[in-house]
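See structure below.
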Amino acid sequence: MCFRYQTVVIKSVKSPDLKVLLVFYAVLFPLLCHFPARAQNLTDTIHLQEVKIFRQEDFAEHIGSFSRIDSLMLNQNNSADLSDLLNQHSTVYIKSTGRGMLSTASFRGTDASHTKICWNGLIINSAMLGQTDLSLVPAVFLDNVFLYHGGSSLMTGYGALGGIIALDNKPLWNNKNSFSLINELASFGTYQTFINLEVKKNKWISHSRSFFSRSENDYPFYNQNVLPAENQRLKNGQYSRYGYLQEFYYRTSASDLFSVKFWIQYADRNLPQLLSREVSTARESQSDGNIRSVFTWKHYGRIGEAAISSGLISDRINYTLAQSAQGNVNINSQSGENSFINRFDFLIKINPKTLSRFQVLYNYYDVGITEKIHSEGYNAIRSELSLMAGLNREFGKRVSTFFLMRSNLIGKSFIPPMPSIGFALKLINDRDLYLKTSMTRNYNVPGLNDMYWIPGGNPGLKPEESYTADIALDLQFQNDLFSINSSITGYFSRINDWIIWKPTQYQYWAPENIALVFSRGAEFSVKVAADVDYAKIIIQSNYNFCRTSEFDGRQLIYIPVHTFNGWAGLLFNGYKLNYQLGYTGKRYTQTDIAQENSETFLEPYSLSDLSVSKELILQKISMNFNFSVRNLFNKEFQVVMARPMPGRNYSFILGLSF
Amino acid sequence: MNSIFKSVAAKFQMAILFFALCTSCDEDNLDIKGYDFSDSAGVYIVNEGNYSQDNASLSFLNLESLKLYNNVFYNANETRLGDIAYSMSIDGNTGYIVINNSGRIYSIDSRTGRFKGKLTGFGSPRYFHMVNDKKGYVTDLYSMKISIIDPSTFEITGAIDVSNNSELNQHSTEQMARFGNYVFIGCWSYDNKILVLDTTTDSIVDSITVAKQPNSLVVDRNNKLWVLSDGGFPGSAYGEEYAALSRINAETKEIEQVMQFPSLEDSPIDLELNGSGDTLYFILRGIRRMSINDTELPSDPLIGMRNNDFYSIAIDQETSVIYAGDPLDYQQNGLLYRFTPDGELIDSFRVGINPGAFCFKN
């Protein structure tokens, strides 16, 4: 049987539906303008408390399953990308085809399209692919990373059957201008530089960040999929990336915050060959261009808050494959997406114990793809309107509940209502020990490629439907010496009409709603921080047990049952010593796991990283030196079959800031 | 903590070792030099595997003992076969396996499964056709050329241009069928040509236009070339038309009859001929059979679909027994069925992922 490939992109982009936009603003603007003002401090100031995973003041708001990547981790890994961060500091499983290559997230055993990435309130998943390449999100562009697990994601958006990863940029109103420059030299011809500039004046903040990254990415590996087996270096793995993020913030004296954020980025990657591939002339490459902008107005009133955001997103992907010895291009596809995304949030405190929230989302997507060699492709438009209303209510001092209902209109089709209900119980007075539980129904609409891809797109696909329940125990404890934050969560999801691509009689693949999938498991997180004389010790770890299977109990391929990561940091006298351990369990690569042998699964692996850094302060200039060893024990491993990963490698970082 | 993982890893390795020992106990024809199929007639089953997963494999069914051997190449050579094993042919005691997405052809000793040699230099090779001891042709989905190879030295000795009126476009050459000094070459992907290759001059001397996307072809006992076209697919810029079975006079290259399938949803594949050269078989919602004298297409299948449609068929040229591959869900080890020439099930075996081609060994 043969395979056809395709892709790509383009198309003239039509302007969004202006009538809908006018209605959106005509209805929502007056609400903001007439919302009574509150004379108190804006809450956008970052007051991250390093040692807390779950803050008590978030209790009412986040009684669902919720976690965050610690700000300390963001600062420690400012040369990393989002896939590294999640892989090392969360329960999310990252599937990567190689260093610097496509990386997608699996949240609680679900598919990459079931994890939504939310940037400053806007879902940035590709409307065509349904997913986001996390390797293209640099950590240095992030101030906060929040994870909404399972059904709790319905508070923020829809379609995230696994969860939502919310990426936020926040202003720091401390009136201090700052500048930092970070340079990294690393193995395999890797160089990165990051520049950060903050200029502040009373009510204004301008925050500029930029990065440049390039790598030869020619790491050595032992290739056992060729004869004779031999040591090789990765070929055709080079990449370069650069990006710029600009934020402007303006606040009025008390009650209003305006912001504009603009993110432009370009990545050019060659795609390495499979282990067994022996075509020296083959060239496969992909370039990604993204422009994302968002305007936000937040109003803080006496009885609540309101925020309105509008964003424009433009994504481009060009893909080429030249597979023959003569070098002629066999596939040349170009895809383009233009998205107009709008969000309105309205929160009212009805009384000290009752909170009501409303949300309106209106998204408009205009996408296209063209494969130039065969002049094939498709153009498509989709609009999505989502309305959400919810109520949080506390009973006494120990019980808090929430209920919300979301309803969507996709094009002209109504999606059945999506309710979510939950409660949290403070088990012991004067102790931060909470029992939380929730139940949610959610829907994920098919990606536009699923519906219109040529060949194989299936316009008759139904949305995937999920029922999710979870129960969690959260503990926080703190005294003068140490603090503990811990959470254990059990979850269960039933997903109907899971979309799977499968071969057809036409000798190409096509998607169908065929699977009924059960995902169940447990997430465990713990963080311990202790202050001992002049030293500070932090230990944190995450473990995820995940069984995701069809009705017959077979674990889905490429979903590990066990994943674990642990991090230990020691801070003393300006030195930081960090040790990172990650373990990924066995992943099946075939669905007939009963016939288990060494060819039907990928071996488990554990990886260790070690780094040491020292900060020197010379007058007003801070210098930070960091040396890291990754994959300390030089383990051979594969995340995806036939894709080699790097062995031991090194990194040296020099940071300057003032 | 690391010691815990080392302990777990050690236990894991022990489990794998134990499993490997058990497996090898079962493989009674396997020793350090590979298998011993030297006295056994049988059939190799080429399991494509999944695209970009390097999990193609080779199975062997001993037709005397009816014992099936899976992972023959891996067990005999301790390495994976590659990505998308596409076709296989045997000459003497040498088997040639075309491994499409690995861009290579492996030659093996067909008596032992042991690796003999490797040939690279292709883009996306599909089929190998042996003309004589000194010459064979290799078609290529993406290349502008058909490669000429010398099987005796296992080297590429030349190339035949198949560019299609453009530096950017080529005929996507696939299956080949021999007639006298000519080889007919089907061009499947976004194409509708049958190229005629003169083996004495190694040049394309003619072409025949058929229905879109000819995917398989055979020459019958009456010197008629039969070409099965799938007609393309919905939404294709190249266009979609009704699939068709064409009968062509192999001597004059003239099309004698075109039998069109009744629905655009009909997308037949894998035309095969029995040993006596008088009966055709192909896959379309099951396996269909027709005589070379029929002037109409069979309306009903001889053998109905099992799970999904069949993935491949082959006909034993001695017994006319039908071999059919069932991919199940395409992501697990598939099934091999054997049917009598009249469609009665004989037996079935679990083989590798996506059994896509068969090769008979005497």
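Taken together, the values in this text are just the output of simple stated rules run on the coordinates, not laboratory data. These numbers were taken from a predicted model, which means no experiment stands behind them. All Cβ positions, glycine included, derive from the backbone under ideal geometry; neighbour counts span all protein chains shown.
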Quiz item: How many partner chain Cβ atoms sit within 10 Å of a residue's Cβ in peptide A:324-333, on average, as a whole number?
Solution: 6
Exercise. Find the lysine pairs in region A:560-658 meeting two conditions, Cα atoms under 29 Å apart and a separation of 8 or more places or different chains, and report how many there are.
Key: 5
Self-check item: Inter-site label distance for A:SER356 and A:ASN144 at 7 Å from Cα along Cβ, in nm
Solution: 2.5
Practice problem: Among the listed pairs A:LYS95/A:LYS436; A:LYS200/A:LYS261; B:LYS224/B:LYS253; A:LYS170/A:LYS527; A:LYS116/A:LYS261; A:LYS397/A:LYS426, give every one whose C-alpha distance is greater than 18 Å. | Solution: A:LYS95/A:LYS436; A:LYS170/A:LYS527; A:LYS116/A:LYS261
Practice problem: Could I have the simple spin-label model distance between A:TYR575 and B:THR153, label points 7 Å from Cα toward Cβ, reported in nm to one decimal? | Solution: 6.5
Quiz item: Given a Förster distance of 35 angstrom, what is the FRET efficiency for A:SER375 paired with B:ASP91, based on the Cβ-Cβ distance and rounded to 0.05?
Solution: 0.25
Quiz item: If you place +1 on the Cβ of every Lys and Arg and -1 on the Cβ of every Asp and Glu, how big does the dipole about the Cα centre of region A:8-657 come out, in debye to the nearest 20?
Solution: 1340
Quiz item: For the protein assembly as shown, what does -39500 (n - 2.57) per DSSP helix run (n ≥ 4), summed and divided by total residues, give at 222 nm, in deg cm²/dmol to the nearest 500?
Solution: -2000 deg cm²/dmol
Quiz prompt | Per-residue average of Cβ from other chains inside 10 Å of A:454-460 | solution = 2
Exercise. Run the quick spin-label model on A:TYR266 and A:ASP552: label points 7 Å from Cα toward the beta carbon, then report their separation in nm to one decimal.
Key: 5.0
Quiz item: Can you pull the Rg over Rh of chain B, Cα-only, Kirkwood?
Solution: 0.99
Practice problem: Apply the Karplus parameterisation 6.51 cos²θ - 1.76 cosθ + 1.60, with θ equal to phi minus 60°, to every residue of region A:306-316 and state each ³J(HN,Hα) to the nearest whole Hz, in sequence, with x for glycine and proline. | Solution: 9, 8, 10, 9, 10, x, 10, 10, 10, 10, 10
Quiz item: In straight Cα distance, which aspartates and glutamates are under 12 Å from A:LYS353, not counting same-chain residues fewer than 8 positions off?
Solution: A:GLU61, A:GLU394
Quiz item: Which value, in Å to one decimal place, does the Kirkwood hydrodynamic radius take for region A:519-652 when every pair of different Cα atoms is included?
Solution: 17.5
Practice problem: Kindly give Rg over Rh for region A:412-550, based on alpha-carbon atoms, with the Kirkwood expression for the hydrodynamic radius. | Solution: 1.18
Exercise. Apply the Karplus parameterisation 6.51 cos²θ - 1.76 cosθ + 1.60, with θ equal to phi minus 60°, to every residue of region A:135-140 and state each ³J(HN,Hα) to the nearest whole Hz, in sequence, with x for glycine and proline.
Key: 5, 9, 10, x, 4, 5
Quiz prompt | Protection proxy ranking, peptides B:216-228, A:96-108, average beta carbon neighbours within 10 Å, highest first | solution = A:96-108, B:216-228
Quiz prompt | Residues B:THR209 and B:ASP294, FRET efficiency given R0 of 30 Å [Cβ-Cβ distance, rounded to 0.05] | solution = 0.80
Quiz item: Of A:PRO272, A:VAL294, A:ILE313, which is farthest along the charge dipole of region A:266-315 in the positive direction, counting Lys and Arg as +1 and Asp and Glu as -1 at C-beta?
Solution: A:VAL294
Quiz item: Using the beta-carbon distance between A:LEU610 and B:ASP39 and R0 = 45 Å, what value does 1/(1 + (r/R0)^6) give for FRET efficiency, to the nearest 0.05?
Solution: 0.15
Quiz item: Can you tell which of A:GLY553, A:PHE477, A:LEU161 lies farthest toward the positive end of the dipole of chain A, using +1 and -1 charges on the Cβ of basic and acidic side chains (Lys, Arg; Asp, Glu)?
Solution: A:PHE477
Exercise. Please give the contour-minus-distance gain from A:ALA535 to A:PHE625: 0.36 nm per residue of separation, less the Cα-Cα distance, rounded to one decimal in nm.
Key: 30.5 nm
Exercise. Please give the average number of partner chain Cβ atoms lying within 10 Å of the Cβ of each residue in B:78-88, rounded to a whole number.
Key: 4
Self-check item: Unit charges at the beta carbon, dipole of region A:518-658: most positive-side option, A:VAL629, A:TYR605, A:THR591
Solution: A:VAL629
Quiz item: What is the P(r) of the protein assembly as shown, as percent of Cα-Cα pairs per 10 Å bin from 0?
Solution: 2, 10, 19, 22, 19, 13, 9, 5, 2, 0
Practice problem: Using the Cα centre as the reference, give the magnitude of the dipole from point charges on the C-beta atoms of region A:354-405 (Lys, Arg: +1; Asp, Glu: -1; all else neutral), rounded to the nearest 20 debye. | Solution: 540
